[in-house]
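One structure below.
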Amino acid sequence: MKKRRNTTLPKKSEFKPVEILDAANPLEIDLDAQNPRFAPDQRGKSQREIIEILLEQHNLNEIAESICAGGFVPLDPFIAIREPGALVMVEGNRRLAVIKLFLDAKLTPPRYAREWDEYRSKIAPDALDAMRQIKLGIYADRHALQLVSYIGYRHVTGIKEWDTEQRAAYAAGLIEDPSADWTYQRVADVMGSKAAYVEKLYIAHRICEQALQLDIAGADQMRDKFGILLRLIQASNVRSFLGVAVPGDPEKSGNPVTKPQRDFEDFVRWTFGTEAHKKILEDSRDITRYGQILASEESVRYLRASKEPSFDRAYEKSGGRREGLVENLYAAEVRLEEAVALVREYREDKNVINGVKRCANYMAQILSYFPSVQKEEGLSVTDVTTSRE
């Protein structure tokens, strides 16, 4: 039987590397090609490609400007792991990339050359000398429990928080580690979260991976809006449309979408858009209404048949306008019930009188459509003069 890695969580005081190098050469340390900050299609890139990704998307400029202004002060730890033939930085990649760019101009992508030549001209000689050797903590591998716990504490619950997609990638890395038995609860303990939330993160992550594997148009846009996807899959109507279950077992969520690929493609196109099609879900506050649309066969037929479908039109076809009217009438009923207890006390108040007149006018307009209600309640609104459209 294969031995499983221990997943008993250490205390924060036990987040200690197994080896420390007091004077490591940063030019001899690799940047992490599996950095959770990276999108799935950015992982596994070359060292030069990683530098370009970090320059484009992860704001190395703020670190460079800080060093130029205040010198090189390594307050935060640098942490690496040993891989065959290489030391790989797993904590401090942005800082390492900046150091590499300061120390070796040849690593600078051509379109950033002028900008980084200027940074190199500003840095003080003693700051440049200070970064030629760095103190480095080393763990045996990226799945060492002390390292996993430290990164979880620092980037999920600590001061250097990742965004939602990065948290999901981190959780997935643990869950899919074949050498350890990482349950949702264990990952939640590391992340300072709850098992149910970790499961939603993992399912959303796997939906993105599944879309990329199927080459579904709009998969990149969906991944870029990961937070919205995470909110969507919490809606039962959305999960039902995609055939996504929440089984409590990561082994059952490898390919979460079980409905036909056409449904998956439609969902991604309508929700996130593609290069050829505009999304219909423009406002994330409409997620509940969107779930109602996906639950309506008539609305789905409309979305599939229309070249330029409208969210509002689809919602109308789902019965949304009727439900909205019922909700509004119920809200009015509750407010009027509250007002009844107070109107006698303030019946001489001019503002109250005007408010009652407005309510009476609106109620008369509504009752004019319901003669049976008028008869039943012994009312008459035949003198209503407000025109109806």
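Return a yes/no flag: does region 62-84 have any residue that is closer than 20 Å to D163 by Cβ, at pLDDT 90 or above and of a type outside the set (S, T, Y).
Yes - at least one qualifying residue is present in region 62-84.
Test each condition in (1) surrounded by fewer than 18 Cβ atoms within 10 Å (Cβ to Cβ); (2) at pLDDT 95 or above; (3) basic (K, R) for K252 and report the one that comes out false.
Just one mismatch for K252, condition (2).
Quickly run through region 83-118 and pick out the residues that are surrounded by fewer than 14 Cβ atoms within 10 Å (Cβ to Cβ) and small (G, A, S).
Once the filter is applied, which keeps residues that are surrounded by fewer than 14 Cβ atoms within 10 Å (Cβ to Cβ) and small (G, A, S), region 83-118 yields G85, A86, A105, A113.
Yes or no: region 183-192 includes at least one residue that is under 27 Å from L281 (Cβ atoms), more than 17 Å from the chain's Cα centre (by Cα) and among the hydrophobic types (A, V, I, L, M, F, W, C).
no
Any residue at all in region 222-229 that's more than 25 Å from I20 (Cβ to Cβ), touching a residue at least 24 places away in the same chain (Cβ under 8 Å), touching a helix residue (DSSP H, G or I) at 6+ places or on another chain (Cβ under 9 Å) and part of a loop (DSSP other than H, G, I, E, B)?
For region 222-229, residues more than 25 Å from I20 (Cβ to Cβ), touching a residue at least 24 places away in the same chain (Cβ under 8 Å), touching a helix residue (DSSP H, G or I) at 6+ places or on another chain (Cβ under 9 Å) and part of a loop (DSSP other than H, G, I, E, B): present.
Determine whether A204 is small (G, A, S), in a helix (DSSP H, G or I), modelled with pLDDT of 95 or more and within 13 Å of the chain's Cα centre (by Cα).
So A204 fits the description; yes.
Got a number for residues in region 83-103 being closer than 23 Å to D41 by Cα, of a type in the set (D, E, K, R) and either touching a Pro at 6+ places or on another chain (Cβ under 7 Å) or assigned to a loop (DSSP other than H, G, I, E, B) (or both)?
Residues in region 83-103 being closer than 23 Å to D41 by Cα, of a type in the set (D, E, K, R) and either touching a Pro at 6+ places or on another chain (Cβ under 7 Å) or assigned to a loop (DSSP other than H, G, I, E, B) (or both): 1 in total.
Please find, within region 31-51, the residue that is farthest from Q213 (Cα to Cα) out of those that are polar (S, T, N, Q) and either out of contact with any strand residue (DSSP E or B) (no Cβ under 8 Å at 6 or more places or on another chain) or buried (at least 20 other Cβ atoms within 10 Å of the Cβ) (or both).
S46
Among the residues of region 108-151, count how many are closer than 30 Å to A188 by Cβ and charged (D, E, K, R).
The number of residues fulfilling the criteria is 2.
Please give the number of the condition A204 fails out of (1) crowded, with 16+ Cβ neighbours inside 10 Å; (2) touching a residue at least 40 places away in the same chain (Cβ under 8 Å); (3) of a type outside the set (F, W, Y).
With respect to (1) crowded, with 16+ Cβ neighbours inside 10 Å; (2) touching a residue at least 40 places away in the same chain (Cβ under 8 Å); (3) of a type outside the set (F, W, Y), A204 is out only on (2).
Sort out which residues of region 52-82 are loosely packed, with under 13 Cβ neighbours inside 10 Å and outside any helix (DSSP H, G or I), and write them in order of number.
N59, V73, L75, D76
Consider T288 carefully, then state whether it is buried (at least 18 other Cβ atoms within 10 Å of the Cβ) and among the polar types (S, T, N, Q).
When the stated conditions are applied, T288 does not pass them.
Considering R301, R322, R344, which residue is of a type in the set (K, R) and closer than 25 Å to G218 by Cα?
R301
Only one of these conditions is not met by G248: (1) under 22 Å from the mean Cα position of the chain (by Cα); (2) without any contact (Cβ under 8 Å) to a residue 60 or more places away in the chain; (3) outside any helix (DSSP H, G or I). Which number is it?
Of everything listed in (1) under 22 Å from the mean Cα position of the chain (by Cα); (2) without any contact (Cβ under 8 Å) to a residue 60 or more places away in the chain; (3) outside any helix (DSSP H, G or I), G248 misses just condition (2).
Among the numbered criteria (1) in contact (Cβ under 8 Å) with a residue 40 or more places away in the chain; (2) within 23 Å of H205 (Cα to Cα), which single criterion is violated by Q292?
Here Q292 clears every test but (2).
Looking at (1) assigned to a helix (DSSP H, G or I); (2) surrounded by 19 or more Cβ atoms within 10 Å (Cβ to Cβ), can you tell me which one I280 breaks?
(1)
Got a sec? Which of T258, T274 is within 17 Å of A235 (Cα to Cα), assigned to a loop (DSSP other than H, G, I, E, B) and either within 23 Å of the chain's Cα centre (by Cα) or not assigned by TED's automatic domain parsing to the domain that holds I233 (or both)?
When all the criteria are applied, what remains is T258.
Taking only region 328-354 into account, find how many residues are of a type in the set (S, T, N, Q) and closer than 21 Å to I366 by Cβ.
Number of matching residues: 2.
Can you confirm whether V334 is at pLDDT 85 or above and under 29 Å from R289 (Cβ atoms)?
When the stated conditions are applied, V334 passes them.
The values are calculated or read from the model by the stated rules, or taken from the named source; none is laboratory data. Everything numeric here is computed off the predicted structure, so don't read it as measured data. Note that each Cβ is placed from the backbone with ideal geometry, even for glycine, and that neighbours are counted across all protein chains shown.
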